[in-house]
1. Which of the residues that make up segment 18-40 are within 20 Å of L147 (Cα to Cα) and open to solvent by less than 60 Å² (accessible area, probe 1.4 Å)?
2. Pull up segment 71-92, narrow it to residues that are among the small types (G, A, S) and surrounded by fewer than 16 Cβ atoms within 10 Å (Cβ to Cβ), then point me to the one that is nearest to L147 (Cα to Cα).
3. Conditions: (1) buried (at least 16 other Cβ atoms within 10 Å of the Cβ); (2) closer than 15 Å to T81 by Cβ; (3) of a type in the set (D, E). D134 meets all but one. Number of the miss?
4. Restrict the check to segment 109-118 and report whether at least one residue is under 27 Å from V26 (Cα atoms), of a type in the set (A, V, I, L, M, F, W, C) and surrounded by 15 or more Cβ atoms within 10 Å (Cβ to Cβ).
5. Against the definition (within 30 Å of P67 (Cβ to Cβ), in contact (Cβ under 8 Å) with a residue 12 or more places away in the chain and of a type in the set (S, T, N, Q)), how does S92 come out, yes or no?
6. Residues K154, K164: which one is part of a strand (DSSP E or B) and free of Cβ contacts under 8 Å to residues at least 24 places away in the same chain?
7. Here are some residues: G106, G145. Which one is under 21 Å from the mean Cα position of the chain (by Cα), surrounded by 15 or more Cβ atoms within 10 Å (Cβ to Cβ) and among the small types (G, A, S)?
8. Tell me the strands (runs of 3 or more DSSP E) entirely within segment 55-126 that contain at least 1 residues that are acidic (D, E).
Amino acid sequence: LLLVAAFKKDQPFAVFNGSGEIPAQVLPMVVDEKGFVRWLLVDFQTDLGARETKTYTLRATKPAAAPAAALKVTDDASGVTVDTGKIRFVVSREKPFGLFGSVAVGGKEIVSGGEALYVDATVEGGEPKTFLADKPASVVVEYAGALRATVCAKGRFVGDDGSKLLYIARVTAW
């Protein structure tokens with residue numbers, strides 16, 4: 001959402017559908033050199049039927065509506081856990097990177113571990129070599145709100161002293 005320089009970056013916003021406020025989260029994405037918001041990222045959830053249209057209004061006011069089930073983000077020494085209410089996933093700081101350390105649906109674990117790798121097929125006179133991702137050098141919660149959260153993991157591949165490729169992965173949950 002592009003805005004004319006009218007609102008400072010700390011201005012709260014709320015989203016309305018008709019006269020009723022709906023749960024939303026609003027994040028300033030671009031702020032100009034004078035501190036005015038130029039772009040906002042607006043997240044909210046809605047249902048639309050076939051050929052149905054709805055009109056939403058963004059107002060510069062403190063929001064009062066909260067989602068029925070807010071995302072929960074836990075950041076501790078072992079990693080970051082995001083719980084959407086339907087799924088729960090962990091990005092581990094302690095294990096070799098495989099995107100998720102675990103994923104559970106309805107309390108039942110469906111993924112446990114994994115691996116991220118790349119194959120270097122340019123090795124002269126030899127067989128291609130596979131490099132596995134090491135444990136992340138950093139796992140950071142870039143944004144955590146009631147409706148959306150983004151986790152970023154960065155690291156290197158074990159034994160890759162030649163090309164020194166790095167990985168960066170961002171996982172966003174709604």
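1. G20, E21, I22, P23, A24, Q25, V26, L27, P28, L40, listed by residue number.
2. Out of the qualifying residues, it is G85.
3. Here D134 meets the rest and fails (2).
4. Scanning segment 109-118, I find no residue that is under 27 Å from V26 (Cα atoms), of a type in the set (A, V, I, L, M, F, W, C) and surrounded by 15 or more Cβ atoms within 10 Å (Cβ to Cβ), so the answer is no.
5. yes
6. Selected residue: K154, the only one of K154, K164 that is part of a strand (DSSP E or B) and free of Cβ contacts under 8 Å to residues at least 24 places away in the same chain.
7. G145
8. 72-76, 79-83, 108-112, 117-120
The values are calculated or read from the model by the stated rules, or taken from the named source; none is laboratory data. The model shown is predicted, which means the values in this text are computed figures rather than measured ones. As a convention, Cβ positions derive from the backbone with ideal geometry for all residues, glycine included, and neighbour counts pool all protein chains shown. Each accessible area value is taken on the protein alone, full model and side chains, heavy atoms only, with ligands, DNA and RNA left out. Shrake-Rupley method; radii C 1.70, N 1.55, O 1.52, S 1.80 Å.
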